[in-house]
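Here is the structure we will look at.
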Amino acid sequence: MKRLFVHVDGVVQGVGFRPFVYRLAREHGLTGWVKNTAQGVDLEVQGREAGLNAFIDSLRHKPPPLSQVKSLRRVDQDIRTGEKGFTVLESSPQGRTTVLISPDITICPDCLRELFDAGHRKHLYPFINCTNCGPRYSIIRALPYDRVHTSMAAFSMCPPCQAEYDDPGDRRFHAQPNGCARCGPRLGLVKNTQADPLPHTISLLKQGRIVAIKGIGGFHIACRADLTEPVKRLRANKRRRQKPFALMVPDLDHARRIARLTQQDITLLRHRAAPIVLVKKHPDCPLSPLIAPNLDTIGLMLPYTPLHHLLFRLGLPPGQAHFSALVMTSANRRGRPLIKEEQALLEAFGDECADILGHDRAIVNRIDDSVIAADSAGPFFIRRSRGFAPLPLALPQAGKATLCLGAEKTNTIAVTQGRHAFLSGYIGDVKTLETFDYMRETASTLQRLYAVDFTQVACDMHPRYETSRWAGSLGLPVLKVQHHHAHIASVLGEREYPGPVIGIAFDGTGYGTDATGWGGEILCADTRAFTREGFLSPLALPGGDRAVKEPYRIALACLHHLYGKQALAKDLPLFTTCEGPGLRVLMDMLEKGLHTVQATSAGRLFDAVSSLLGLCRVISYQGQAAMELEAAAHSARPPFRSYPFHLTGGTPFEINTWPMVAAIVEDVEAGRAIPAIAADFHRTLARMVTAACLRVRDTRAMDRVALSGGVLQNRLLRDLARQDLTEAGFTVWFNQVVPPGDGGIAYGQAVVAVCREARD
Ligand code: ZN
Ligand code: ZN
Ligand code: FE
């Protein structure tokens, strides 16, 4: 006989860990107890040595599917005589919180079966859940994860629900959001309060009306995706001219009619986080062309709450659905955060929505849908949010508790604690007051939940970012991390590799150490510092920020650089889509060098080329010109060839892109097919990256390359660069757990913050 005390930490609360321990102990004939603490799960087990060993082995190697065991500490104890059975004790919340919060999880197969089982007590109950599924982060106010600390505190369980909750052998043992039609949350329509919520919503949607629907982390605005009229109205209402809408499809069969799914896509669609997956549109896609204009991809997700399943399937036999696809777009005004309350939704979209399907379970922490795409080597995040945040990310080492504020657009923030970084879900563009407030709210939520006392704050070097200003006002030591260094550090952090590596940081623009705009950078970087080894030729941005929204300005500046005033005599599609007088004014501006800034930006080079090819003159969402250029390139047939370019200067060297741009202009004038030019442009960029890396390898003997920055969301460029670099003998790393875009900057700052501080 032996007795052991075991402490388990990781994601071990709200994921069925204690019932698992209970069953396991009984299976092996052990006595003892288990309980939740602020640091994880504690337990004691007593029995024969063989049983104890088998118990520990299962704990380590076969824990419940949603749990993540980070560590397991065991201490021998004295035998306790007369102990009978195994018990689950009340939580003890004392001490510093180190337990990890589970993200929100898609309905599990067992609950889904019960949802449509006419004989089950919870048949058609829109909030059915268990320890393997349901809301978590979105309903938590404080830790430990007990019902009183969630928005379920408002509901008291009826006797049958309480019995499930109390039975360690039940799948709903201590399932905090447990409830039923009698005792749990209920649906309600905000406008037509007399109607039966679900059937009424389904009928409104069928008629082509727009309805707001409360989900896990906020509201969606929904309408049929196969009709153009409601999608058009939705675009007008959301003031969203062309940005693609995400869709929810009832099942994989329906997804296959819309998209050409790879095995990888299917795995991602079925992921328990149910992210939006960017997939290839089917050539005969039966949906409204307004869903994702000018793009060859479409964002799909599967239903992830019982309510979603009911919307598609209520009253229908298996395999059938009311809708082939619904637009499910986050309910937020442009630049504002996701709406999570009925009243706010009514104020923002009340007139535009036929009705609002809400419920009385409050959303405590809002969380947007995650977005994932895959290239030929595997998946990567466009947005890491619902289903993933706030799971911890590893840091290369422990360091001071740091609040990391990220950049500005598509922002996220992070807090560090020991060797963990907790990266928030998607926050958005913090230039607007509302989103800025949401960022502050998120910072205090993470601080409260993880009981972190910040001793420093990390931010971008950009002096005019709202996040940099806020960092300066907090009264803490401020660590400024250069934008592109943070991008590369995010890759190093993920790999727990200290560096140095060759860093390829390609994005829109970030603030450089020389106070100019950077964004096509070749760095030599480790987790503490970097040097700038090379950059893409600087481009003129006439009108500064306006040039970002109006890429034709950059295209014109390129033409001016190459041909001077003669540029206007060129026969280019750019000039047929732009009105003459505007162009001449711009040309004057360029001649005199007025209101023009320079940036070494890869993103702006994409914009310029997209516009030179006549694809995108003015953008209505971030990244549009580049996405349309990539879409055009996807329809070209390999082999692709490289345009000319050369490397000039010492350190830093310039990757001179002008020979390429001139050749592209000639090709366009000669009437060469646009997709072929677009593809060759991608090919050339990959060759430029490889040439730059070879140059650095010559002097620095480094053969690891890390690529990051928003431009690396481009799958064609990723594939071509990976192929070229691998052939040249480099080890190639992209981001795997944080987005390559600015949603990964806060994590990169966290990596630099802990590494720099620890060694200085
Ligand atoms: Zn379940
Ligand atoms: Zn009940
Ligand atoms: Fe960036």
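The values are calculated or read from the model by the stated rules, or taken from the named source; none is laboratory data. If you're wondering where the values come from, they're calculated on a predicted model, not measured in any experiment. Don't worry about glycine lacking a Cβ; one is built from the backbone with ideal geometry, like all the others, and counts go over all protein chains shown. Side chains included, ligands, DNA and RNA excluded: accessible areas come from the protein's heavy atoms. Shrake-Rupley method; radii C 1.70, N 1.55, O 1.52, S 1.80 Å.
To the nearest ten degrees, helix 715-727 and the longest principal axis of the Cα atoms of the chain are 80 degrees apart.
Ranked from largest to smallest solvent-accessible area, with a 1.4 Å probe on the protein heavy atoms, Thr262, Thr467 come out as Thr262, Thr467.
The alpha-carbon of Lys592 sits under 26 angstrom from the alpha-carbons of these lysines, leaving out residues fewer than 8 places away in its chain: Lys549, Lys565, Lys570. Of the solvent-accessible surface of the range 1-40, computed with a 1.4 Å probe and all protein chains present, 46% belongs to carbon and sulfur. For Tyr450, the solvent-accessible surface with a 1.4 Å probe is about 0 Å², rounded to the nearest 10.
About its Cα centre, the dipole of the range 2-88 is roughly 120 debye, where the only charges are +1 on Lys and Arg Cβ and -1 on Asp and Glu Cβ. Pull out a ≥ b ≥ c, the square roots of the eigenvalues of the alpha-carbon gyration tensor of the range 101-185, then state rounded if a/c is under 1.5, prolate if not and a/b is larger than b/c, and oblate in the remaining case. Prolate, since a/c reaches 1.5 and a/b exceeds b/c. Using 0.36 nm per residue and subtracting the Cα-Cα separation, the extra length available between Asp284 and Glu727 on full extension is 155.8 nm. Summing Lys and Arg as +1 and Asp and Glu as -1 over all other residues whose Cβ lies under 11 Å from the Cβ of Cys111 gives a net charge of +1. In this view, the solvent-accessible surface of Lys206, computed with a 1.4 Å probe and all protein chains in place, comes to about 90 Å².
One decimal place: the segment Arg241-Ala54 gains 61.3 nm when fully extended, by the rule 0.36 nm per residue minus the C-alpha distance.
To the nearest ten degrees, helix 49-61 and the longest principal axis of the Cα atoms of the chain are 30 degrees apart. Taking GluC sites (Glu not before Pro) across the range 533-613, the ones in a DSSP loop with at most 11 further Cβ atoms lying within 10 angstrom of their Cβ are Glu579. Remark on Leu143: its backbone amide H falls under 5 Å from none of the residues 5 or more positions apart or on other chains, H modelled at 1.01 Å from N. Centroid-to-centroid, using Cα positions, the range 560-617 and the range 132-193 are 59 Å apart. Cα extents for the range 473-570 along the principal axes, largest to smallest and rounded to whole angstrom: 54, 34, 21. Straight-line reach from Lys84: taking Cα to Cα under 14 Å and skipping same-chain neighbours fewer than 8 places apart, the aspartates and glutamates in range are Glu44.
In the range 78-93, whose amide N lies under 19 Å from the spot 7 Å out along Cα-to-Cβ of Asp166? List them in ranges. Under cut-off, by backbone N: 85-91.
Averaging the Cα positions of each part gives two centres, and for the range 361-419 and the range 485-532 these lie 19 Å apart. Note on Val597 and Thr648: the model spin-label points, each 7 Å out from Cα along the C-beta direction, lie 2.5 nm apart. Qualifying trypsin sites (Lys or Arg not before Pro) in the range 657-694, where qualification requires a DSSP coil assignment and no more than 15 other C-beta atoms within 10 Å, comprise Arg672. Within a straight-line Cα-Cα reach of under 18 Å, Lys232 can be paired with the following lysines, leaving aside sequence neighbours fewer than 8 residues apart in one chain: Lys206, Lys243. The H on the amide N of Leu227, modeled in the peptide plane, is under 5 Å from the matching H of Ser288, each at least 5 residues off or on a different chain.
Peptides 405-415, 104-114 ranked from most to least packed by the mean count of surrounding Cβ atoms within 10 Å: 405-415, 104-114.
In this structure, the pairs whose alpha-carbon distance is over 25 Å, taken from Lys400/Lys431; Lys238/Lys431; Lys35/Lys70; Lys70/Lys409; Lys191/Lys340, are Lys400/Lys431; Lys70/Lys409.
Antiparallel beta bridges, as assigned by DSSP with both residues in the range 187-359, represent about 75 percent of the total such bridges. For the range 702-738, the residues whose amide N sits under 14 Å from a probe point set 7 Å from the Cα of Thr531 along the beta carbon direction are 702. Over the chain, DSSP H runs of length four or greater, each weighted -39,500 (n - 2.57), average out per residue to a 222 nm ellipticity of -10000 deg cm²/dmol.
Taking Cα atoms only, the orientation of helix 658-669 departs from the longest principal axis of the chain by about 80 degrees.
Here the range 444-461 and the range 668-712 have alpha carbon centers that stand 38 Å from each other. Here the range 430-575 is assigned +1 on the Cβ of each Lys and Arg and -1 on the Cβ of each Asp and Glu. Its dipole about the Cα centre then comes out at about 420 debye. Shape of the range 566-699 from the C-alpha gyration tensor: oblate (a/c of 1.5 or more and a/b not above b/c, with a ≥ b ≥ c the square roots of its eigenvalues). From the largest down, the chain spans 95, 64, 49 angstrom on the principal axes of its Cα atoms. Close amide-amide hydrogen proximity is noted between Val597 and Leu541, Gly543, Gly544, each under 5 Å apart and 5 or more residues distant or on a separate chain (H modeled in the peptide plane; Pro and chain starts excluded). A simple charge model with +1 on the Cβ of Lys and Arg, -1 on the Cβ of Asp and Glu and nothing else charged puts the dipole of the chain at about 720 debye relative to its Cα centre. Placing unit charges on the Cβ atoms of the charged side chains and taking the dipole of the chain about its Cα centre, the candidate lying farthest along the positive direction among Met587, Thr106, Tyr643 is Thr106.
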